[in-house]
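Notes follow once the structure below has been shown.
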């Protein structure tokens, strides 16, 4: 009877010191590569945020020494009708722009996800506004909205339809800016949602077809639930962007003081207080309130995502 042969080869292990040295070297290179980003984050984001928090407790004109006044700026803000109106305008702007942009982007993304001719061209066409500078967008739309020679009113006049004053009428001025915001952001949302649609396995749709589901039921019970991670991302980013709107208001309405009251936003108030009236402490207090609101809303969204976001 043959005796079993055992291998006498012994795997040589690297010394513990050698392994820890390699890990230290790898960690050193990792920290070296992320150092520029961390430094930039600290210098351009964290340091200004801490400074802004301190300035919100002071009275400062940007030139002299800041004078500490505690929470007086926040007390004054709660009694400032202009600030409260800007908060209300920002809420209206967000409620008008975010849902419409996401809903429109969802519909267009579903259509562009089909096998149609020129799909790549249409995707590029929709994405162009997202990479265009907001200042340029505001200038172009300001011309389009012109009540005398703007292209929109020219077409409406040709069709014998009413020709509103758009950005020169306080009743529709904010709505006009909301339309521009939707036009400018829908392309970015489409790209994100398209990526989400293309990650959905076709097996779900095949199973739904075998069960006799219609296209509408597939969209309602397959596409929407599996698209919720992308919708969640789009919702968070769109909400933050809308609450921080400034460029469009500044370009389209900024020189029309009669219309500032119904269109003023919180960030516009921050700019006005800080760089027009040189009330840096007051401006910092407004910025801190906006930051807190955005932070709380974002945390709420991340907390409640468990109830409606479905991952494959």
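The values are calculated or read from the model by the stated rules, or taken from the named source; none is laboratory data. The structure presented is a predicted model; accordingly, all values stated were derived computationally and were not measured. Every residue, glycine among them, receives a Cβ derived from its backbone with ideal geometry; neighbour counts consider all protein chains shown.
Suppose the filter is under 14 Å from the mean Cα position of the chain (by Cα), part of a helix (DSSP H, G or I) and in contact (Cβ under 8 Å) with a residue 40 or more places away in the chain; does residue 235 pass it? Here the answer is yes, as residue 235 does meet what is asked. For the range 67-101, the set of residues classified as assigned to a loop (DSSP other than H, G, I, E, B) and touching a residue at least 12 places away in the same chain (Cβ under 8 Å) consists of 69, 70, 71, listed by residue number. Among the residues of the range 286-304, those that are surrounded by 12 or more Cβ atoms within 10 Å (Cβ to Cβ) and closer than 16 Å to residue 90 by Cβ comprise 286, 287, 288, 289, 290, 291, 293, 294, 297, 298.
Taking the conditions (1) surrounded by fewer than 15 Cβ atoms within 10 Å (Cβ to Cβ); (2) not in a helix (DSSP H, G or I) in turn, residue 221 satisfies each one other than (2). For the range 263-272, the condition of being part of a helix (DSSP H, G or I), surrounded by 17 or more Cβ atoms within 10 Å (Cβ to Cβ), in contact (Cβ under 8 Å) with a residue 60 or more places away in the chain and over 22 Å from the mean Cα position of the chain (by Cα) holds for none of the residues.
Within the range 109-133, restricting attention to residues that are outside any helix (DSSP H, G or I) and more than 20 Å from the chain's Cα centre (by Cα), which residue is surrounded by the fewest Cβ atoms within 10 Å (Cβ to Cβ)? In this case the residue turns out to be 115. Among the residues of the range 188-213, the one identified as surrounded by 15 or more Cβ atoms within 10 Å (Cβ to Cβ) and free of Cβ contacts under 8 Å to residues at least 12 places away in the same chain is 213.
The residue that is surrounded by the most Cβ atoms within 10 Å (Cβ to Cβ), among those in the range 238-262 that are at pLDDT below 90 and assigned to a loop (DSSP other than H, G, I, E, B), is 253.
Quick check: anything in the range 149-167 part of a helix (DSSP H, G or I), closer than 30 Å to residue 218 by Cα and in contact with a helix residue (DSSP H, G or I) (Cβ under 6 Å, 6 or more places away or on another chain)? No: the range 149-167 contains no residue that is part of a helix (DSSP H, G or I), closer than 30 Å to residue 218 by Cα and in contact with a helix residue (DSSP H, G or I) (Cβ under 6 Å, 6 or more places away or on another chain). Number of residues in the range 191-215 that are assigned to a helix (DSSP H, G or I) and within 29 Å of the chain's Cα centre (by Cα) equals 8.
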